[in-house]
Amino acid sequence: MADLQQTTTFDDRDGWIWLDGEMVPWRDARVHVLTHALHYASSVFEGQRAYNGEIFKLREHSERLRKSSSLLGFELPWSVDEINAACEEVLKVNGFVDAYMRPVAWRGSESMGVAPGRTKPHLAIAAWEWGKYYDPRKSQDGIRLDIAPWRRPAPYTAPTESKAAGLYMICTLSKQHAEQRGYDDALMFDWRGRVAEATGANVFFVKENKLHTPTPDCFLDGITRRTIMELADRRGIEVDERPIWPEELESFEQMFLTGTAVEVTPVKSVGPWNFEVGEMTRQISRDYDDLVHGRIPNE
């Protein structure tokens, strides 16, 4: 992964982080060890990117952040407009033009126990320069996915519409397992055994000049995912959003991942199934790159 973890840790670097309404030095943005979120995963977050000084789909990300916290039972006292303004301020004060941004909200340390009690909501926003999520060469030639040992939970067992930190625990385990086996990432099935998503990205398949993507009924309907569907519609490409079973994978010609971090990344194999990095995948990738850089209208 092409980030800064190889040279510095995320708690020890220069810069500024917006924390509960104030801009504080990066190293001073800390919470107590008895913060409720650390013990009971009462935390939600967003991942968003800035291109050429503009944060892509900022309002949609801020709206989802507030929705996510509400689904976990705590309301943020900051409006969408206030969150947007804070994100823009973070980008400006750090002097970034192209950057990855991480707003994160959580319950504080006023109470300790499974029930949140009188905990107060907190919000922090950080940004850093971050290139390709995967190795740049692999991002062009296609990545290799393992089959995850964990499955996405049923919507009646977890708040699956929320971008909740706790829901990513099985993603961490699955990606770690894949990397230990020499893969770049993992494809996750859902509790029924259907194709769901990768560990941090949605999935699309190509067959006979048509896109196929799983119905997001137990995982996030990603903002990038919806953007790709809009771009496909502009080109007259039909998108079939439906249940997809693993048995179908051998019939698909192409596959790619979508997400804020991964952008549009082609996949050349999933377990025993192989795919070509074809023209439709490359065209969708070019269209997305043009959109986020302002070369085509963002409607």
- Options 28, 81: the member that is within 30 Å of residue 296 (Cβ to Cβ), loosely packed, with under 12 Cβ neighbours inside 10 Å, charged (D, E, K, R) and out of contact with any Phe, Trp or Tyr (no Cβ under 9 Å at 6 or more places or on another chain): 81
- Query: When the residues of region 32-49 are filtered to those that are polar (S, T, N, Q) and in contact with a Pro (Cβ under 8 Å, 6 or more places away or on another chain), which remaining residue is farthest from residue 91 (Cα to Cα)?
  - Reply: 42
- When region 243-263 is checked residue by residue, the ones that are surrounded by 19 or more Cβ atoms within 10 Å (Cβ to Cβ), touching a Lys or Arg at 6+ places or on another chain (Cβ under 9 Å) and either of a type in the set (A, V, I, L, M) or in a helix (DSSP H, G or I) (or both) are 244, 255, 261, 262
- What is the number of the single condition among (1) closer than 30 Å to residue 135 by Cβ; (2) modelled with pLDDT of 95 or more; (3) among the small types (Gly, Ala, Ser) that residue 2 does not meet? (2)
- Item | Residue check for residue 46: surrounded by fewer than 16 Cβ atoms within 10 Å (Cβ to Cβ) and either charged (D, E, K, R) or in contact (Cβ under 8 Å) with a residue 60 or more places away in the chain (or both) | no
- Query: List, please: which pairs have Cβ atoms under 9 Å, are six or more places apart or on different chains, and start with a residue in region 175-186 that is under 16 Å from residue 201 (Cα atoms) and end with one that is open to solvent by 20 Å² or more (accessible area, probe 1.4 Å) and part of a strand (DSSP E or B)?
  - Reply: 178/144; 178/147; 183/144; 184/144; 185/144; 186/147
- Task: Could you please let me know if residue 31 is at negative phi and either at pLDDT below 95 or touching a Lys or Arg at 6+ places or on another chain (Cβ under 9 Å) (or both)?
- Result: no
- Message: Looking only at region 113-142, count every residue that is among the hydrophobic types (A, V, I, L, M, F, W, C) and not in a strand (DSSP E or B) and tell me the total.
- Response: 3
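The values are calculated or read from the model by the stated rules, or taken from the named source; none is laboratory data. Just so it is clear, the model here is predicted, and its values are computed rather than measured. Cβ sites come from the backbone with ideal geometry, for glycine too, and all protein chains shown count toward neighbours. What goes into the accessible areas is simple: the full protein's heavy atoms, side chains included, and nothing from ligands, DNA or RNA. Shrake-Rupley method; radii C 1.70, N 1.55, O 1.52, S 1.80 Å.
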